[in-house]
1. So how do A:136-147, A:18-29 stack up, highest first, on mean other-Cβ count within 10 Å?
2. Neighbour counts of other C-beta atoms within 10 Å: give me A:177, A:10, A:154 arranged from fewest to most.
3. Which whole number gives the average count of other chain Cβ atoms within 10 Å of the Cβ atoms across peptide B:12-19?
4. So what's the angle, to the nearest 10 degrees on a 0 to 90 scale, between helix A:188-219 and the longest Cα principal axis of chain A?
5. Set the Förster distance to 51 Å, then compute FRET efficiency between residue B:138 and residue C:221 from the Cβ-Cβ distance, nearest 0.05.
6. Going by amide H atoms built from the backbone, whose H comes under 5 Å of the H on residue B:108, apart from near neighbours?
7. Please list, in chain and number order, the residues 5+ apart from residue B:144 or on another chain whose amide H is under 5 Å from its amide H, with Hs placed from the backbone.
8. Working from Cα positions, state the angle (0 to 90°, nearest 10) between the long axis of helix A:39-62 and the longest principal axis of chain A.
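Only the coordinates and a few stated rules stand behind these numbers; no lab work does. Note that this is a predicted model, so its numbers are computed, not measured. Positions of Cβ are generated from backbone atoms using ideal geometry, with glycine treated the same way; all protein chains shown enter the neighbour counts.
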Amino acid sequence: MSQDGPTAVERFLNGIIPENPTYRQILGICPTLAVTNTMESAMTMAGTVLFVLVCSNVLTSLIRGLLKPHLRILVFTLTIAAFVTIADRFLAAYMYDMSKVLGPYIPLVIVNCIIIARCEICAAKQGVWTAFMDAVGQSLGFMLGLMSIATIREILGFGTWFGKWLGWRVIPVTAPEHWSTWVIMILPPGAFITLGLLMGVMNWIEAKHSARAKKATVAA
Amino acid sequence: MKNSYIGQAWLVIVLSLVFGAALAGVQAALKPRIEQNKLNDTLGQIPSLVPGATTGQAETIGGQTVYRALNDQGEQVGWMIPARGLGFADVLDLLVGLNKDLSRVTGLSVLEQKETPGLGDRITEPRWRDQFKGKPTIPDLVVTKTAPKSDSEIQGVTGATISSVSVAGIVNGAVARLREGLRE
Amino acid sequence: MPSPAIHIAPAPHLFGGALTTQRMMFDVLLALVPVLVAALWQFRLYAVIQLAICMVSAVAAEALFTAMRKKPILVRDGSALVTGAILAFSLPAKAPWYAGAVGSFVAIGIGKVIFGGVGQNIFNPAMLGRAFAMIAFPAALGASAYVVPDSPIDGLTHATPLTALKMLGQSTGLLPLFLGATNGSIGETSALACLLGGAYLCLRRTASWEIPAGVIAATAVIGLLVQWFSPVAGWTVLHELCGGALLFGAFFIATDPVSSPLAPRGKFVFGLGVGALVMLIRKLSGYPEGVMFSVLIMNALVPLINRATIPTPVGGPVPAKKAA
């Protein structure tokens, strides 16, 4: 396999904003909707995805010369499933509370499309270093996506930010006639609304950006 | 060789074996810790539910798993029953603490519930749950809408009558089953 | 330079020149006057506060969001005022300020402007805002939020008629229900006021009479069946019709011309659906009243109803095209 395609640094940077998994590729939406009502669960999910994605990408890249085209998806799934199960057991052993909160969503990382997409797009074609950087970049992008949604949902829904780990209260507790937390933000509809609005904001920023770039080239 | 099944699939087979071994290793190494976590989750509640108790011992009585609550010296000071039953929205999982002769409730905690947020889920608030502390188990506990007048009355959560009645019903049922089981 | 417009449409050509959005919205506000009077009589200052909060927030939201879309600000057409007023009339008297304010912003922002502004929304904006507020603040808008035990206003100390019926099995007299001397959302208590305002709207053709007719017909039929098979002492079909938000919903909420079907037959079907769902929710769910959810559910079905009830053009049906 030759080293054509983006370089390691490009892969890394692309994952964070230009090809952000949540807002640009719209992949991994199930955990994005399901575990973003607190920062703790969002960060645990992002960490799990980071671990699984790095391991699977590196391993896939190492064995890329041996892959048969019609069996590659099978190998990807096998690899991902193995690392997800390891991550799940580790969480159950060392972060039991978080593991209880996340419940089935940790095993469901197996079907998170970000991971299999990165194996297919990058790791199966490029070298180990590029695959590693790609995995880290994409995971950071995913983490940014989850954090942006979880920040809004936790602050409005619970009035806290990192409430379980750091105990930060953003909105002070007051009498119900002055202010109240928004239960809807804790529930799944809050995730849909927040994701939709944030995606709108991202599109708006991008449209502004490209309009300015166009103007700049026209002027030049 | 190139077109035989083995030639096609050897990588999958090798990977399966390697991953299988790795997972077995992880499971073997972490299992005791995970089991301990799960046990602690239940046993860790005992001191807050049964005064004076520090740990517990599982036992099956009358068809349900119950825990004898033990103090530092290993003497029994009470009981803890993991009880479940139907709430308003879904199944409620409760832990009920009782004193040694089952005459009074010593504590109640809600392990799992999916009641209406803001209404039914207020059964998890300590202020509501603490009403059960010290209540006699005979006669059955009753939920009222107003401030309780007699000893066996519990004031329901406003706007969540069904959730409140369910909790009281689950507690009554669990205590009755244990009493029945001990009599046999 | 704009190209000259050539309008081509099959006969008959009808154009109601006076039927502008502004006039319709003004009509609705005028029709709400009896409701407001009843609300002032029953809830005093609470009604004024709630209306002020919701209408100011709705207009502010409209100005903000249309400015964000760089569209001319259409506050003057009054649709935001109507949305705010309907939302306020559907809230409990003592709902905290943020319930009305957040509800109004969601109603205008997510309920209307996101779809493209007046005339483009799928769901009734006021009900969408109320549904959001209800799920966000269940303690402030749920059945228990209506009761204020130590209030100087007599009506607020009792449970709403439908909650009393559902939870305690108590019936409320027909006369208080008709006049509005009961607890409830600000605008829904008086059946008389809703009928007066509704009649005005229907006579002015601002609201289509088919929708309230459908709602009332379905509720009456199902109410009769319920009365027949599981009677409750002192609770009849008339109580069912006058109680809760049914009449307010039938005349002011379900008749929103944007989110209801186009053809008269479709409107009647829409009304029937709303009425049937209201009775379903009242009798078989945990909620005492279901106008809000019924209207939202039927809003979602409007495209289907529209497709099924295409009216026959004058001159007979269009012959089906033969398959080539």
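1. A:136-147, A:18-29
2. Details: A:177 12, A:10 15, A:154 27.
Arranged by neighbour count, lowest to highest, A:177, A:10, A:154 become A:177, A:10, A:154.
3. Details: counts 5, 0, 2, 8, 4, 0, 2, 8.
So the per-residue partner count for this stretch is 4.
4. So the helix axis and the longest Cα principal axis differ by about 60 degrees.
5. Values: r = 50 Å, r/R0 = 0.98.
So the FRET efficiency works out to roughly 0.50.
6. B:97
7. Answer set, sorted by chain and number: B:154, B:155, B:156.
8. For A:39-62 against chain A, the angle is about 0 degrees.
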